[in-house]
Protein chains: 2
Amino acid sequence: MKRVMCIPNYSEGRDLEKIEKIVECFRAKENVRLIDYQPDADHNRVVVEVIGEPSAVVKAVIESVKVAAQVIDMSTHQGAHPRMGAVDVIPFIPVTETTTAECVEYAKEVGKAIGDMGIPVYLYEDAATKPERTNLASIRKGQYEGFFDKIKDSEWKPDFGPAEMNAKSGVTAVGARFHLVAFNVNLNTPNLEVADKIAKKVRFIGGGLRFVKAIGLELKEKNQVQVSMNLVNFEKTAIYQALEMVKSEARRYGVSVANTELIGLLPLQALIDSAAYYMQIEDLKAEQVLETLLIGE
Amino acid sequence: MKRVMCIPNYSEGRDLEKIEKIVECFRAKENVRLIDYQPDADHNRVVVEVIGEPSAVVKAVIESVKVAAQVIDMSTHQGAHPRMGAVDVIPFIPVTETTTAECVEYAKEVGKAIGDMGIPVYLYEDAATKPERTNLASIRKGQYEGFFDKIKDSEWKPDFGPAEMNAKSGVTAVGARFHLVAFNVNLNTPNLEVADKIAKKVRFIGGGLRFVKAIGLELKEKNQVQVSMNLVNFEKTAIYQALEMVKSEARRYGVSVANTELIGLLPLQALIDSAAYYMQIEDLKAEQVLETLLIGE
């Protein structure tokens with residue numbers, strides 16, 4: 001069976017009633033499985049994970065964008081995570097019997113439908129139409145507030161929808177990519193500057209690890225800061241490498257790791273690679289994990 | 001579907017032709033899935049893992065015992081792992097829709113059939129008929145060589161089969177138990193005494209961890225020694241606890257860990273518990289591992 005994963009991010013992490021309205025679009029839909037959703041009050045954002053047959057997922061995602069456009073007003077939005085739209089980003093990821101190339105087609109289908117709602121859309125990652133739109137952070141630079149000007153620049157003409165800002169819904173990025181591991185390291189300090197400096201050393205653009213994107217965030221509720229990372233190719237840059245590099249940089253500030261978080265879904269191999277490193281396990285294979293023997297029986 | 005796991009251990013880890021004859025009993029059998037088999041030359045032992053519908057597994061196991069009784073001669077057997085029979089031990093483990101109590105019944109069925117072949121059988125763990133037969137190590141004490149006398153003791157009258165030693169095939173233990181994690185820690189020293197001393201401190205009977213069994217073994221090929229452990233309840237005594245205790249004891253001898261081995265199958269939760277410890281991951285759930293979403297679809 002063809003299966004695709006979709007992980008839309010909505011800019012609402014506090015109002016549970018609004019969050020439920022959005023999530024409802026993925027419930028009780030044939031061939032769509034709502035895996036999880038994790039509202040984050042600090043980020044003021046909810047990350048929804050669905051797996052299913054591609055056309056069914058595409059339909060449900062479009063429905064959820066309509067709901068988000070109704071219930072979220074970006075003109076009053078505040079949150080620790082960078083954002084530019086009510087539906088901030090919609091990545092499609094291949095799971096079984098699908099390729100990233102097919103996911104690009106699903107992204108375009110969803111992008112066109114969102115454009116038709118009057119919301120500017122940028123295609124990103126493997127769906128990008130220009131090299132400078134590959135990186136989501138480049139698209140999102142300036143965030144919601146900056147897009148009122150940015151969208152007027154001919155370089156930033158949207159791939160779908162009007163070439164003018166939608167004040168209520170902002171703009172949305174839709175893309176296709178390999179499985180991403182979202183890994184946060186929380187530090188025992190309230191000093192955001194420390195998290196920022198560490199993030200800059202760990203990430204690719206700062207001279208750090210090839211497949212790591214990172215930003216520093218404040219966690220006011222916890223009186224901590226966070227190095228929030230996306231590992232965009234866990235096969236080549238493993239979770240443990242990112243963690244060890246954060247620890248190594250944190251030592252120069254006398255700061256320790258409070259704990260870490262793996263957000264959303266994680267391919268088993270990503271867990272194995274890091275467990276094997278810390279425990280010095282030789283030749284641990286995914287097929288040794290009992291649960292893998294029961295897949296697709 | 002009812003599924004049981006069976007992990008018979010045969011005392012042949014060097015002659016691949018003999019090993020293949022044994023393993024063949026589990027190939028191309030309806031409702032029996034040969035998962036893996038790992039011949040170990042040092043141990044002179046092969047551990048076979050099968051999962052399947054209980055009655056089909058029982059039938060295939062009995063067939064394999066007949067083959068092992070033909071091709072293995074215990075009177076000439078040597079190997080680093082303690083052993084008492086050509087088929088040393090046959091544990092049944094519940095996987096889906098079965099209980100340990102049902103596994104006790106499968107163990108008895110197999111035990112009776114082996115007894116009928118003229119091989120003495122001891123039921124162990126949850127299938128044990130006396131408290132002193134619960135622990136496999138107590139049954140196996142004295143090993144093959146010691147059983148010529150041990151079997152004459154009325155305390156050690158077999159549960160099935162003749163009350164006299166089978167010189168060619170030895171004796172066999174058949175049992176039912178919870179999933180066991182086989183975890184070996186290889187040490188950068190050829191000194192067996194160090195592995196022995198560490199094993200004694202780490203294991204339950206020596207005052208160590210509640211659900212750890214451990215022995216010291218020599219790995220002559222590698223010029224190393226091994227603390228070979230069975231974790232009989234990974235939910236209560238985690239892999240990382242065993243590893244950290246081995247490391248802690250090894251420090252007093254100035255010995256380091258060369259690497260570790262996880263033998264055979266491992267429930268995902270056992271891996272998660274230890275990865276979460278080393279990476280300080282908060283609230284990592286098995287359902288976050290992508291592969292678990294595809295089970296039984």
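The values are calculated or read from the model by the stated rules, or taken from the named source; none is laboratory data. The structure presented is a predicted model; accordingly, all values stated were derived computationally and were not measured. Methodologically, a virtual Cβ is constructed for each residue, glycine included, from the backbone with ideal geometry; neighbour enumeration extends over all protein chains shown. Keep in mind that these areas ignore ligands, DNA and RNA; they rest on the heavy atoms of the full protein, side chains included. Shrake-Rupley method; radii C 1.70, N 1.55, O 1.52, S 1.80 Å.
Key figures
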| read-out | value |
| --- | --- |
| Sequence-distant lysines (8 or more away, or on other chains) whose Cα lies within less than 28 Å of A:Lys222 | A:Lys18, A:Lys141, A:Lys197, A:Lys200, A:Lys201, A:Lys213, A:Lys247, B:Lys285 |
| Long-range amide H partners of A:Leu219 with built H, under 5 Å | A:Gln224, A:Val225, A:Gln226 |
| Unit charges at the beta carbon, dipole of the protein assembly as shown: most positive-side option, B:Pro39, B:Pro162, A:Ile215 | A:Ile215 |
| Charged-residue dipole, Cβ positions (Lys, Arg, Asp, Glu), segment B:181-294 about Cα centre, Debye nearest 20 | 580 |
| Estimated distance in nm for a label pair at A:Lys141 and B:Gln70, the labels positioned 7 Å out from Cα along Cα-to-Cβ | 7.4 |
| Residue order for A:Leu123, B:Leu180, B:Leu192 - accessible surface, 1.4 angstrom probe, largest first | B:Leu192, B:Leu180, A:Leu123 |
| Gain in span if fully extended, B:Tyr253 to B:Arg27, counting 0.36 nm per residue against the direct Cα distance | 76.7 nm |
| Length gained when the stretch B:Leu16-B:Lys2 is fully extended (0.36 nm per residue, less Cα-Cα span) | 1.8 nm |
| Distance between segment B:239-297 and segment B:26-55 - C-alpha centres, whole angstrom | 24 |
| Radius 10 Å from Cβ of A:Gln70, net charge of other residues (Lys, Arg +1; Asp, Glu -1) | +3 |
| For segment B:3-176, size of Cβ-based charge dipole, Lys and Arg +1, Asp and Glu -1, in debye | 200 |
| Accessible area that becomes buried as A packs against B, both chains, 1.4 Å probe, Å², nearest 100 | 4100 |
| Cα gyration tensor of segment A:3-176 - equivalent ellipsoid semi-axes, whole Å, descending | 23, 20, 13 |
| Relative contact order [Cα under 8 Å, 6+ residues apart], chain A, whole percent | 15 |
| Using alpha carbons only: equivalent-ellipsoid semi-axes of segment B:81-191, gyration tensor based, whole Å | 22, 21, 12 |
| Accessible-area composition of segment A:181-294, carbon plus sulfur, in percent [1.4 Å probe] | 46 |
| Backbone N under 18 Å from the B:Gln38 label point (7 Å along Cα→Cβ), restricted to segment B:46-69 | B:46-51 |
| For segment B:181-294, diffusion coefficient by Stokes-Einstein and Kirkwood Rh (Cα), 20 °C, 1.002 mPa s, µm²/s | 147 |
| Pseudo-label separations to other copies for A:Gly142 - Cα-to-Cβ vector, 7 Å, nm | 8.6 |
| Dipole magnitude (debye, nearest 20) for the protein assembly as shown, charges at Cβ of Lys, Arg, Asp, Glu | 1160 |
| For the protein assembly as shown, alpha-carbon Rg relative to the globular expectation (2.2 N^0.38 Å, N residues) | 1.15 |
